[in-house]
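These notes concern the structure reproduced below.
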Amino acid sequence: MATSVDSLDSFDTGRLPAAPPGPVPWVAMYHSVGDCSDDPYRITATPERLEEQLAWLRRRGLRGVSVADLLAARARGDGRHLVGLTFDDGYADFVTDALPLLRRWDCGATLFVLPGRLGGDNAWDPLGPRKPLLTAAGIRYAAAEGVEIGSHGLTHVDLTRADDLALKAEVAESRERLAELTGTRIDGFCYPYGTVDARAVRAVREAGYAYACAIDPGPLTGPHALPRVHIGQNDTAWRLRLKHRLHRLRRRPVEGR
Ligand SMILES: [Zn+2]
């Protein structure tokens with residue numbers, strides 16, 4: 001779920017004992033793409049806005065890719081011109097509204113889905129309009145189109161409040177179910193609501209994920225708690241420029257300081 005935009009850029013790598021070399025990767029967080037007239041949680045961007053944002057990236061010589069591709073490029077010492085694009089929850093509108101635009105602008109993406117709610121809706125958002133989630137066939141279609149499929153847990157629960165049994169099921173079982181559903185290895189996890197603690201990070205690492213996305217994980221930042229920047233309907237070109245610049249300033253590595 002989205003949190004306040006202002007809190008999302010507030011992370012400072014200067015507090016970290018071991019910041020990774022190079023700027024912290026820029027990973028954008030989207031949810032739904034469609035009509036945003038009734039959107040109390042600010043999780044929706046219109047297709048027109050998404051297209052503007054993808055065009056803006058390309059104009060600046062940047063390209064959106066999946067988080068797995070972004071991390072692989074960075075591991076090769078590459079990837080400075082890549083931006084991670086993530087879509088949480090696995091809304092059905094990803095296939096109808098986001099995917100055609102990603103294709104048009106030659107971008108990849110990671111889609112974090114909930115294998116415990118296939119074909120269901122966002123019942124965890126009490127105020128929001130009900131939005132349908134992808135079915136198993138829809139997720140397979142996205143995967144076949146080259147979209148990286150990651151896990152968002154089974155049913156969208158706050159892992160910091162889950163007991164041991166639920167934590168394991170949400171993290172490990174969701175990975176197994178998605179591997180079966182897509183026929184591929186599932187490398188990425190995404191914490192529901194962005195809430196994360198050391199116990200959740202450990203569970204995600206032990207379940208075999210290569211990385212995990214959070215929102216603003218502070219001192220937990222690392223491959224299994226990657227910060228992301230909320231990008232929404234209000235993010236016109238100049239706001240994107242500001243967010244991108246702030247990210248580069250605030251998340252600059254601290255070597256030599
Ligand atoms: Zn979510």
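Worth a mention:
- Restricting attention to region 82-92, the residues being under 25 Å from GLU180 (Cβ atoms) and either surrounded by fewer than 24 Cβ atoms within 10 Å (Cβ to Cβ) or at pLDDT below 95 (or both) number 1.
- Close pairs (6 angstrom Cβ cut-off, 6 or more residues apart or separate chains): farther than 14 Å from LEU111 by Cα in region 168-188, open to solvent by 30 Å² or more (accessible area, probe 1.4 Å) and among the small types (Gly, Ala, Ser) anywhere: none
- Of all residues in region 112-149, those that are within 16 Å of the ligand (Cβ to nearest atom) and either of a type in the set (Gly, Ala, Ser) or closer than 21 Å to GLU52 by Cβ (or both) total 4.
- One residue stands out in region 93-146 among those that are part of a strand (DSSP E or B) and touching a Lys or Arg at 6+ places or on another chain (Cβ under 8 Å): the one that is most open to solvent (accessible area, probe 1.4 Å), namely ASP121.
- Residue that is nearest to the ligand (Cβ to nearest atom) [pool: residues in region 156-194 that are open to solvent by 40 Å² or more (accessible area, probe 1.4 Å) and among the polar types (S, T, N, Q)]: THR160
- When residues of region 61-81 are limited to those that are open to solvent by 10 Å² or more (accessible area, probe 1.4 Å) and free of Cβ contacts under 8 Å to residues at least 40 places away in the same chain, the one nearest to ASP35 (Cα to Cα): LEU62
- Candidate set: region 41-60, residues that are among the polar types (S, T, N, Q) and touching a Cys at 6+ places or on another chain (Cβ under 9 Å); chosen: the one surrounded by the fewest Cβ atoms within 10 Å (Cβ to Cβ): THR46
- For region 208-243, residues that are aromatic (Phe, Trp, Tyr) and either in contact with a Phe, Trp or Tyr (Cβ under 9 Å, 6 or more places away or on another chain) or surrounded by 15 or more Cβ atoms within 10 Å (Cβ to Cβ) (or both) total 2.
The values are calculated or read from the model by the stated rules, or taken from the named source; none is laboratory data. Everything quoted here is computed from the prediction, not taken from an experiment. When we count neighbours, we look across all protein chains shown, and the Cβ atoms used for this are built from the backbone with ideal geometry, even at glycine. Surface areas here come from the heavy atoms of the whole protein model, side chains and all, with no ligands, DNA or RNA. Shrake-Rupley method; radii C 1.70, N 1.55, O 1.52, S 1.80 Å.
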